[in-house]
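Peer 1: One structure, pasted below without further comment.
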Amino acid sequence: MSTDGNKKQFWKRNTAKVPGSIQHVYGAQHPPFDPLLHANLIKAGNKPQMTPGGKPKKATTFQEFESITSDAWDVGDDDDELLAMAAQNLNIEVVMETANQVIENHSKQQEKQRQDDADTSELEDREEEEAHEEEVEEQGEEGEESTPEVSFACEPSPLSDGRLVKSLSEAPIGSPKVEKGDASLHRQQSLPHRPTIPMVARIADQNTSGTPAMTEREASRLDKFKQVLAGPNTDLEELRKLSWSGIPRQVRPITWKLLSGYLPANTERRESTLQRKRQEYFGFIEQYYDSRNDEHHQDTYRQIHIDIPRTNPLIPLFQQASVQEIFERILFIWAIRHPASGYVQGINDLVTPFFVVYVFEYIKEEVENFDVSSLQEAALRNIEADSFWCMSKLLDGIQDNYTFAQPGIQRKVKALEELVSRIDETVHVHMQQYEVEYLQFAFRWMNNLLMRELPLRCTIRLWDTYQAEPEGFSHFHLYVCAAFLVRWRKEILDERDFQGLMILLQNLPTMHWGNEEVSVLLAEAYRLKFAFADAPNHYKR
């Protein structure tokens with residue numbers, strides 16, 4: 001079959017209609033983690049191209065720039081030269097150089113860590129070999145021979161097809177088994193060990209989990225947040241600076257409510273505001289929710305009812321009946337109060353980060369398998385109302401994404417295409433060569449704010465920064481998407497046909513991502529924003 005024929009067949013099988021006759025793939029889930037596709041972290045040196053005489057960014061001090069971003073970028077101890085520039089004004093080239101330096105430091109730290117791990121592994125292997133040799137010598141003295149199991153464990157064994165078995169897990173059925181007591185002799189060499197990561201919160205991630213003991217640095221950051229939040233009037237600008245590089249789990253609920261504009265900065269007014277807004281929401285429920293079965297609302301409610309079970313289907317929390325009922329009420333009330341757009345597929349995803357964060361306000365354990373019906377009725381009502389109002393605040397800034405024909409998304413996808421053509425022409429031309437249109441994969445990136453591309457724990461971390469950035473969910477998201485696309489540069493260039501590219505772009509291997517990967521992505525996006533945000537002509541050739 002011809003290439004065009006393959007392309008048409010693939011696209012017919014994998015697309016769905018949306019308002020405005022836009023075709024996009026909706027609802028793809030993460031595949032099992034594939035180590036062959038899991039690339040290294042973003043490497044330094046991938047600098048955006050600058051046009052001659054590019055307009056420089058407004059002057060700012062390095063202290064301001066570094067204070068907002070250093071935590072998120074894991075600035076190393078070797079940044080003395082950069083810190084020495086604190087008294088100087090920075091133009092755009094210096095900002096980009098700083099971001100490059102931070103990402104390069106990050107890459108060096110990663111490489112050093114991998115080398116340390118390799119050295120440790122090699123040392124342990126030598127110790128095991130020496131112990132094994134001593135054991136063999138002792139057995140030889142006693143006139144015994146080594147068992148097949150031991151020789152299998154210590155050396156790769158050829159299979160009948162000529163492959164080598166590098167680990168016990170790769171051995172075919174019927175291969176010699178290893179006794180339980182000899183487990184210390186066998187090291188899996190085929191892949192580096194990575195722990196199983198919960199869908200919502202990585203166990204070692206203090207920002208979302210709260211389970212492990214905090215490091216000194218994390219404790220210090222938490223204290224800074226508490227100091228800012230403790231005053232009679234919260235300094236929202238200072239809170240944004242702190243939040244850019246991630247918000248500790250303990251203060252994330254109150255911080256999100258403040259940064260979204262749901263709560264006032266004045267401490268004394270917060271409780272009365274919460275009570276009033278929560279009562280107002282449940283007033284909407286009493287007034288409108290029974291109308292879900294009316295003829296003119298049936299289509300809206302039916303679509304919501306269909307989409308809710310599809311929301312994060314791999315996370316048990318969202319399959320609970322009580323949670324799905326909460327989501328149905330939130331989405332239906334929002335839809336009938338915003339008739340210009342109504343309910344659009346994808347909005348259902350935007351409730352989940354708020355819901356998870358506000359559940360954390362009432363529990364200390366992991367949320368992934370938590371039974372929300374065990375919470376008191378008052379707590380559940382508070383979580384529902386707070387999630388509704390904060391989601392509404394978010395959508396107020398991007399509502400043109402969901403009005404008829406979704407013009408906001410179409411504009412953003414076009415801007416993404418122009419931006420990528422400037423920052424990585426090779427990737428752009430490669431996709432053009434195989435007739436991949438940005439709308440075919442990036443529609444979902446804009447419609448769902450990358451929620452279908454990233455684990456929920458990463459979305460929560462990403463939204464810490466979006467809440468802190470001016471127009472984070474609309475403007476800054478564009479640069480995050482550009483950095484995200486270029487992040488998979490090698491994998492994209494390795495694909496040599498339309499179908500391979502589409503499968504890759506709809507199933508990017510991010511299942512094992514955590515705060516570290518998101519922080520590097522944000523660093524790259526921040527650099528792109530400084531390079532292009534105040535120079536719109538840089539979009540174009």
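The values are calculated or read from the model by the stated rules, or taken from the named source; none is laboratory data. What you are looking at is a predicted structure, and each value in this text was computed from that prediction instead of being measured. Backbone-built Cβ (ideal geometry, glycine too); neighbour counts: all protein chains shown. Note: areas computed on protein heavy atoms with side chains; ligands, DNA, RNA excluded. Shrake-Rupley method; radii C 1.70, N 1.55, O 1.52, S 1.80 Å.
Peer 1: Given the Cα-Cα distance of Asp299 and Glu271 and 0.36 nm per residue of separation, how much length would full extension add, in nm?
Peer 2: Values: separation 28, 0.36 × 28 = 10.08 nm, distance 3.74 nm.
Separation in residues times 0.36 nm, less the Cα-Cα distance, equals 6.3 nm.
Peer 1: Between Arg217 and Glu471, what length in nm is gained on full extension when 0.36 nm per residue of separation is reduced by their alpha carbon distance? List each step's numbers first, then the result.
Peer 2: Details: separation 254, 0.36 × 254 = 91.44 nm, distance 2.88 nm.
Between Arg217 and Glu471, full extension yields 88.6 nm more.
Peer 1: Kirkwood Rh over Cα pairs of segment 229-399 into Stokes-Einstein at 10 °C, 1.306 mPa s: D in µm²/s?
Peer 2: Values: Rh = 17.0 Å.
It diffuses with D of about 94 µm²/s by this estimate.
Peer 1: Starting from the Cα-Cα distance between Glu280 and Ala379, subtract it from 0.36 nm times their residue separation and give me the gain in nm to one decimal.
Peer 2: Values: separation 99, 0.36 × 99 = 35.64 nm, distance 1.63 nm.
Full-extension gain reported as 34.0 nm.
Peer 1: Treat each spin label as a single point 7 Å out from the Cα along the C-beta direction, and report the Ser291 to Ile503 distance in nm.
Peer 2: 4.8
Peer 1: Keeping all protein chains in place and using 1.4 angstrom, which order do Glu377, Glu384 fall into by accessible surface area, from largest down?
Peer 2: So, going from the largest accessible area down, we get Glu377, Glu384.
Peer 1: Let me ask something else about it. Remind me, relative contact order of segment 407-533 in percent, using alpha carbon pairs under 8 angstrom and six or more residues apart? Provide the component values of the computation, followed by the final result.
Peer 2: Numbers: 106 pairs, mean separation 39.7, N = 127.
Reported relative contact order: 31 percent.
Peer 1: Got a number for the accessible area of Arg496? Probe 1.4 Å, square angstrom, nearest 10.
Peer 2: Its heavy atoms expose roughly 150 Å² to the probe.
Peer 1: With every protein chain in place, what's the accessible area of His475 (1.4 Å probe, Å², nearest 10)?
Peer 2: 60
Peer 1: In debye to the nearest 20, how big a dipole does segment 407-533 give about its Cα centre with +1 on each Lys and Arg Cβ and -1 on each Asp and Glu Cβ? Intermediate values should be presented prior to the final figure.
Peer 2: Numbers: 14 positive and 17 negative charges, 55 e Å.
Computed about the Cα centre, the dipole is about 260 debye.
Peer 1: Rounded, prolate or oblate: pick one for segment 407-533, where a ≥ b ≥ c are the square roots of the eigenvalues of its C-alpha gyration tensor, a/c under 1.5 means rounded, and failing that, prolate if a/b is larger than b/c, else oblate. Don't jump to the answer; show the numbers that get you there.
Peer 2: Values: a/c = 1.63, a/b = 1.32, b/c = 1.23.
Since a/c reaches 1.5 and a/b is larger than b/c, the shape of segment 407-533 is classed as prolate.
Peer 1: Something else about it: Hey, if we sort His296, His512 by accessible area with the 1.4 Å probe, largest down, what's the order?
Peer 2: Highest to lowest solvent-accessible surface, that is His296, His512.
Peer 1: If you don't mind, there's one more thing I want to ask. How large is ³J(HN,Hα) for each residue in segment 264-272, as worked out from phi by the Karplus curve 6.51 cos²θ - 1.76 cosθ + 1.60 (θ = phi - 60°), to whole Hz, x for Gly and Pro?
Peer 2: 3J(HN,Hα) across segment 264-272, in whole Hz: x, 5, 6, 4, 5, 8, 5, 5, 5.
Peer 1: Pop out the ³J(HN,Hα) list for segment 476-488 in order, Karplus 6.51 cos²θ - 1.76 cosθ + 1.60 with θ = phi - 60°, rounded to Hz; leave Gly and Pro as x.
Peer 2: Using θ = phi - 60°, the values come out as 5, 4, 4, 6, 5, 5, 5, 5, 5, 5, 5, 4, 9 Hz.
Peer 1: How much accessible area does Thr459 have with a 1.4 Å probe, in Å² rounded to the nearest 10?
Peer 2: In the full protein context, Thr459 sits at about 0 Å².
Peer 1: So, one more: If you place +1 on the Cβ of every Lys and Arg and -1 on the Cβ of every Asp and Glu, how big does the dipole about the Cα centre of segment 229-399 come out, in debye to the nearest 20?
Peer 2: On the way: 18 positive and 24 negative charges, 93 e Å.
Around 440 debye, computed over segment 229-399.
Peer 1: Oh, and also: Once phi is turned into θ = phi - 60°, what whole-Hz ³J(HN,Hα) does the Karplus curve with 6.51, -1.76 and 1.60 give for every residue of segment 321-336, x standing for Gly and Pro?
Peer 2: Values per residue, Gly and Pro as x: 4, 5, 5, 5, 5, 4, 5, 4, 5, 4, 6, 5, 4, 4, 4, 6 Hz.
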